[in-house]
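Just dropping this structure here.
Just so it is clear, none of the values below were taken in a lab; they were calculated from the coordinates. Keep in mind it's a predicted model, so treat the numbers as computed, not measured. All Cβ positions, glycine included, derive from the backbone under ideal geometry; neighbour counts span all protein chains shown.
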Number of protein chains: 4
Amino acid sequence: MSSPSANPVGVGVLGARGRMGAEAVRAVDEAPDLELVAAVTREDGLDGLLDAGARVAVELTHPDSAMDNIRFCVQHGIHVVVGTSGLGPAEHDAIRALLAEHPGVGVLIAPNFGIGAVLSMKFAEIAARYFDSAEIVELHHPRKADAPSGTAARTAQVIGQARADAGLDDMPDATTKELDGARGADVDGVHVHSVRMAGLVAHQEVLFGADGESLTIRHDSYDRRSFMPGVLLAVREVGSRPGLTVGLDELMGL
Amino acid sequence: MSSPSANPVGVGVLGARGRMGAEAVRAVDEAPDLELVAAVTREDGLDGLLDAGARVAVELTHPDSAMDNIRFCVQHGIHVVVGTSGLGPAEHDAIRALLAEHPGVGVLIAPNFGIGAVLSMKFAEIAARYFDSAEIVELHHPRKADAPSGTAARTAQVIGQARADAGLDDMPDATTKELDGARGADVDGVHVHSVRMAGLVAHQEVLFGADGESLTIRHDSYDRRSFMPGVLLAVREVGSRPGLTVGLDELMGL
Amino acid sequence: MSSPSANPVGVGVLGARGRMGAEAVRAVDEAPDLELVAAVTREDGLDGLLDAGARVAVELTHPDSAMDNIRFCVQHGIHVVVGTSGLGPAEHDAIRALLAEHPGVGVLIAPNFGIGAVLSMKFAEIAARYFDSAEIVELHHPRKADAPSGTAARTAQVIGQARADAGLDDMPDATTKELDGARGADVDGVHVHSVRMAGLVAHQEVLFGADGESLTIRHDSYDRRSFMPGVLLAVREVGSRPGLTVGLDELMGL
Amino acid sequence: MSSPSANPVGVGVLGARGRMGAEAVRAVDEAPDLELVAAVTREDGLDGLLDAGARVAVELTHPDSAMDNIRFCVQHGIHVVVGTSGLGPAEHDAIRALLAEHPGVGVLIAPNFGIGAVLSMKFAEIAARYFDSAEIVELHHPRKADAPSGTAARTAQVIGQARADAGLDDMPDATTKELDGARGADVDGVHVHSVRMAGLVAHQEVLFGADGESLTIRHDSYDRRSFMPGVLLAVREVGSRPGLTVGLDELMGL
């Protein structure tokens, strides 16, 4: 898809031995326009990034170490793509303050690198205002502890907000006799149903209905590798986006 | 599918102006091997069946009148196909006693004339013992009062029974943090989820999962006409099945 | 959704006895912010629109009469929503020329009033560049003469164009031994599969796949009523959009 | 599901280093009622089976060696479960002749160990006679060489045969204007559509339609592990089925 460039971008991966990190190491290594210059593990110091001339770092370590790593990189002019979870508004503000002192450096935080998941949520947000009804069915492997999934809950919130912004009425629902739980969980007025089955991985259907028609957006995720196109997109784009960017959808022009 | 026969079977429809009845009148009328000899409404007496020489009656009136109609028909040697809901074990016993006095007459009671629905339930029953997990998602128009649907509840019971008979363990489920209702209603150990949406009619998915695979049986019902093939099958077969038959699956050799 | 306004917009429907026209008459009649002032059939003259004070006309007659009707309306300062098929670039140019002489009048031509269908196509266009593979499965009733459907063919073209614009490689496909037709029809490099079945109405799945994930956009259309929200949206918006607008997606801000 | 028994059955796996073989080794090893007594590779001789006291052998080597291995086992009174492909009617006859000399020994040949796939095909066979229309959509990863898949072709044949046996008419299809390939491949009168996409594994939908309803049987296979329950079922049952058994459905009572 991309032709090898004369000067591939040097990339360092932090947390190179974690599950996401190992995939990222491989993905960067295989990308012809990128060069893996450092695969940093817990035992290594960050100076390796400098020695190797990394222009972009991919932070995939741990909530405890993420902020220190980001600070180090920004202070040394290295752009950072952050996939570590657990950074909230306070951390975002701290990063913005830091970046204000280092104009030209970019940090991109992605709560979800799955391009399919990001598209699903965006499409759900766009469609929400045009349908009388919206519900979500998410289906996962039976080892999952939380129901509904975080993605389903966020999608429901996005739909609820879009409906409110458009001034829509409540969804039609004549249920008067319900066996406890049959109609699912209520997240901001959107019913969410969680299936847990052996054999499944991670799947989500967002269903919209209006008189005489329905629209379904289904996302199936089978493998951690599905996050890598999103990681690579972020690595390629972060250098041209000084300051803090939150969410892959920003890069995708959605 | 069927060639016109020299002597088409004379059929009377009771409740001919109801929604199901009107469809049945049309369906019998269009079947080349059947002849519609009486379309009986509330105002008519049942004697019209005798005058017209009906060999089979289709009872589609009302729980209040069904038993009287069945009794009249059996006593006059007319086979009966019953689609009226609300007949339970007591009524079944009464009909059996009546039929014992009228050998050669057949009565068929079908809780559901939908061939697709009957097949779905049978397939679910067969598959249940082979999978670690089973759940049901049923989706209906938003004017429906009960959740889950009767068909979904019965399907769950059938699955639960088949699992118990096979000595299966509980389904795997590591959910520890659930938003109320997310995991659906529990019917005999089977989770059932009910979606209510504008634009939908009547749909059901039975999902089975085991390590590395899943099997889904989906039934979509768009129209009352979908019950007519089942009605016609029953009309054609009831005459060769003396005594009481409950369920279309018996006729289908399932 | 909308509150009755003091001065509802007067709307005339042309082709009021056709299948779409009859639905449009009903939909306008039921909308609290619109007033049905004329239901024009073939026998009526167009002057009735003037007498009734129509501010918007909905043209749903026939390709043969559509241009004359549009001309009449525009010349009399009536905005027009056009659902009649068969108007091509030449007709669009003629309408633009006409509108240039009547500034302030708007004409909106919608090849498809189905909001779900318009969203599906837009989502397909957005997603296309992010996935290695894309195919379409469309499913229709068995009385349909053409395969693939016009909507599926247009969706395939949109996807093919988006892939070309993004510089994507050909889709991966190792098929070397194909039973004739198994891989479907090729529309601009996108494989399209057409299912024709009793019981179905009009359905379409656009499937996208990349390493480890897939995204599916499914649209089910059960009834002509599903076009009415799009018609009403167009009627409400056309007055504030002087000149020619082609496609509902323009109004939807997509 | 099964409680550890006092005397677990001794099982030897032939082809223990192949992909299926390695999974079978693991599956037998983990089953409490079975004991893995020999994992035989190409370099080993078969005498190891005898030394280890294997009562059942699982043949997963290669078409070239399968018959020799089966002969050796039967002559030594070891039951055999055969997953190797490529054995046809001639080999079946040879095995029957051999078994006639060794009464009490059982051989089970399974073209497909996937319980979900076996159920899908059986359900398709049962349903076929009750619907006007039937089509198959199968979806696989893009490295697959043949289209349609062998399973889809066999399913279509089974449906075609069931329709012929029931005397059904041709399926309704008014297509007069078809872009080449749009309507799929014709296998015994059943249209089969093959999707090839990055991200997918092995999936199949069998669709049935009649007036007002449709029934869909979908099977998703994500992993070779999905074959292991079928392998274990065969290992447990083969000892009580002297002679040749072909097909897992026999054991499943379908």
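Could you identify the residue of D sitting closest to the D-B rotation axis by Cβ and state that distance rounded to whole angstrom?
D:123, 2
Please give the FRET efficiency for residue D:96 paired with residue D:161, using the beta carbon to beta carbon distance and R0 = 22 Å, rounded to the nearest 0.05. Mind showing how you got there, number by number?
On the way: r = 24 Å, r/R0 = 1.09.
Rounded to the nearest 0.05, the efficiency is 0.40.
Suppose R0 equals 51 Å; then what is the FRET efficiency for residue B:22 and residue C:47 from their Cβ-Cβ distance, rounded to the nearest 0.05?
Numbers: r = 43 Å, r/R0 = 0.84.
Between residue B:22 and residue C:47 the formula returns 0.75.
Provide the packing ranking of D:84-97, B:39-52, i.e. peptides ordered by the mean count of other C-beta atoms within 10 Å per residue, highest first. Working shown, then result.
On the way: D:84-97: 13.4, B:39-52: 15.6.
So the peptides D:84-97, B:39-52, ranked by packing, come out B:39-52, D:84-97.
Let me ask something else about it. For the stretch B:17-66, what's the radius of gyration and Dmax over Cα atoms, in angstrom?
For the stretch B:17-66, the Cα-based Rg and Dmax read 10.9, 33 Å.
What does the convex hull of the Cα atoms of chain A come to per residue, in Å³, rounded to a whole number?
Values: hull volume 39.5 nm³, N = 254.
So the per-residue hull volume is 156 Å³.
Go from 0 up to the bin containing the longest alpha carbon distance in the stretch A:167-233, width 5 Å each, and give me the % of pairs per bin.
In whole percents, the pair-distance histogram is 3, 10, 16, 20, 18, 14, 10, 7, 3, 1, 0.
How long are the semi-axes of the equivalent ellipsoid of the stretch A:53-134, taking √(5λ) for every eigenvalue λ of the Cα gyration tensor, in whole Å from largest down? If you can, show how the numbers build up before the last one.
Working: eigenvalues 192, 35, 32 Å².
Equivalent ellipsoid semi-axes, largest first: 31, 13, 13 Å.
Here is a further query. In nm, one decimal, shortest first: how far is the label point of residue C:223 (7 Å from Cα along Cα to beta carbon) from the matching points in the other copies?
Inter-copy label distances (nm, one decimal, shortest first): 1.3, 4.4, 4.4.
Please work out the C-alpha center-to-center distance from the stretch C:49-115 to the stretch B:71-91 and express it in whole Å.
Result: 61 Å between the Cα centres.
How high is the relative contact order of the stretch B:1-143, in percent, with contacts defined as C-alpha pairs under 8 Å that are six or more residues apart?
Details: 189 pairs, mean separation 25.8, N = 143.
Rounded, it is 18 percent for the stretch B:1-143.
What are the radius of gyration and Dmax of the stretch C:108-254, computed over its Cα atoms and given in Å?
16.6, 56
For residue D:177, list the lysines whose Cα falls under 19 Å from its own Cα; do not include residues on the same chain fewer than 8 positions away.
Qualifying lysines at Cα under 19 Å: C:144.
Provide the per-residue ³J(HN,Hα) series for the stretch B:242-254, in order, calculated from phi with Karplus coefficients 6.51, -1.76, 1.60 and θ = phi - 60°, each as a whole number of Hz, with x at glycine and proline positions.
So the Karplus estimates, Gly and Pro as x, are x, x, 9, 10, 10, x, 5, 4, 4, 5, 8, x, 8 Hz.
Using the Karplus curve 6.51 cos²θ - 1.76 cosθ + 1.60 with θ = phi - 60°, what ³J(HN,Hα) values do you get for each residue of the stretch C:36-50, in whole Hz, with x for Gly and Pro?
6, 9, 7, 10, 9, 10, 4, 6, 6, x, 7, 4, x, 4, 5
Can you give me the Cα centroid spacing of the stretch B:147-215 and the stretch D:167-223 in angstrom?
The distance from the Cα centre of the stretch B:147-215 to that of the stretch D:167-223 comes to 27 Å.
Still on this model: Taking only DSSP H segments of four or more residues, each worth -39500 (n - 2.57), what value at 222 nm results for chain D once the sum is divided by all its residues, to the nearest 500 deg cm²/dmol?
My calculation for chain D gives -10500 deg cm²/dmol from helical runs alone.
More than 51 Å apart: what percent of Cα pairs in the protein assembly as shown qualify? Don't skip to the end; give the middle numbers.
Details: 156618 of 515620 pairs.
Of all Cα-Cα pairs in the protein assembly as shown, 30 percent lie more than 51 Å apart.
Which residue, B:167, B:116, B:230, has the most motion in a Gaussian network model of chain B that connects Cα atoms within less than 10 Å?
In this elastic network of chain B, the residue with the biggest mean-square fluctuation among B:167, B:116, B:230 is B:167.
P(r) for the stretch C:99-164: what percent of alpha-carbon pairs falls in each 10 Å bin, starting at zero?
17, 38, 25, 15, 5
Follow-up. Would you mind listing the distances between the residue D:65 label point and the same position in each other copy? Use 7 Å along Cα-to-C-beta, nm, one decimal, shortest first.
Result, one decimal in nm: 4.7, 7.7, 8.0.
Further question: If the only charges are +1 at each Lys and Arg Cβ and -1 at each Asp and Glu Cβ, what is the size of the charge dipole of chain D around the Cα centre, to the nearest 20 debye? Spell out each step's value before the answer.
Numbers: 21 positive and 36 negative charges, 107 e Å.
Charge dipole of chain D: 520 debye, to the nearest 20.
Only helices at least 20 Å long along their own axis, judged from Cα atoms, and with Kyte-Doolittle mean hydropathy of -1.0 or greater: name those in chain D from DSSP H.
Details: long enough: D:150-165 (22 Å, -0.25).
Those that clear 20 Å and a mean of -1.0 are D:150-165.
Below 8 Å between Cα atoms, with a sequence gap of 6+, how large is the relative contact order for chain B in percent?
Numbers: 461 pairs, mean separation 55.9, N = 254.
Reported as a whole number, the value is 22 percent.
Of D:200, D:156, D:16, which is farthest along the charge dipole of chain D in the positive direction, counting Lys and Arg as +1 and Asp and Glu as -1 at C-beta?
Projecting each Cα onto the dipole axis, the largest value belongs to D:16.
Beta carbons within 10 angstrom, averaged per residue: use that to sort the peptides D:216-223, D:203-210, highest first. Mind dumping the intermediate values first?
Details: D:216-223: 21.8, D:203-210: 24.6.
Most protected by this proxy first, the peptides run D:203-210, D:216-223.
I've got another one for you. Comparing D:122, D:177, D:144, which has the greatest mean-square fluctuation in the GNM of chain D with Cα pairs linked when under 10 Å apart?
D:177
Restricting to the protein assembly as shown, compute how many DSSP beta bridges are antiparallel as a %, nearest 5. Display every interim value, and only then the final one.
Details: 98 of 214 bridges.
The antiparallel fraction comes to roughly 45 percent.
Explain nothing, just the number: dipole magnitude of the stretch A:96-143 about its Cα centre with +1 on each Lys and Arg Cβ and -1 on each Asp and Glu Cβ, in debye rounded to the nearest 20. Kindly include the intermediate steps, with their values, before the conclusion.
Details: 4 positive and 5 negative charges, 29 e Å.
Once rounded to the nearest 20, the dipole reads 140 debye.
Additional query: What average number of partner chain Cβ atoms lie no more than 10 Å from the Cβ of the residues making up B:185-195?
On the way: counts 7, 4, 2, 0, 0, 0, 7, 4, 11, 10, 12.
Rounded to a whole number, the mean comes out at 5.
Which whole-number percentage describes the relative contact order of the stretch D:131-254, with Cα contacts under 8 Å and a sequence gap of 6 or more? Before the final figure, lay out each step's value.
On the way: 155 pairs, mean separation 41.4, N = 124.
Here the relative contact order equals 33 percent.
Also, quick follow-up: Label position 7 Å from Cα toward Cβ: report the copy-to-copy distances for residue A:42 in nm, one decimal, ordered from shortest.
List, nearest first: 4.2, 7.8, 8.2 nm.
On to the next question. Using the Cα centre of the protein assembly as shown as the reference point, and only Cβ charges (+1 on K/R, -1 on D/E), how large is the resulting charge dipole? Debye, rounded to the nearest 20.
Working: 84 positive and 144 negative charges, 0 e Å.
Dipole of the protein assembly as shown, to the nearest 20 debye: 0 debye.
I'd like the Kirkwood hydrodynamic radius of the stretch A:48-90, using the inverse of the mean 1/r over distinct C-alpha pairs, in Å. Don't skip to the end; give the middle numbers.
Working: mean 1/r = 0.0935 Å⁻¹.
One decimal place: 10.7 Å for the Kirkwood radius.
Under a 5 Å amide H to amide H cut-off, with H placed in plane at 1.01 Å, what residues pair with residue D:76 once short-range neighbours are removed?
Hits under the 5 Å cutoff: none.
Same structure again: Peptide C:131-137: average number of partner chain Cβ atoms within 10 Å per residue? Working shown, then result.
Values: counts 7, 6, 8, 2, 6, 1, 6.
Going residue by residue through C:131-137 and averaging, the value is 5.
Can you give the Kirkwood hydrodynamic radius of the stretch C:1-129 from its Cα pairs, in Å with one decimal?
One over the average 1/r among Cα pairs gives 15.6 Å for the stretch C:1-129.
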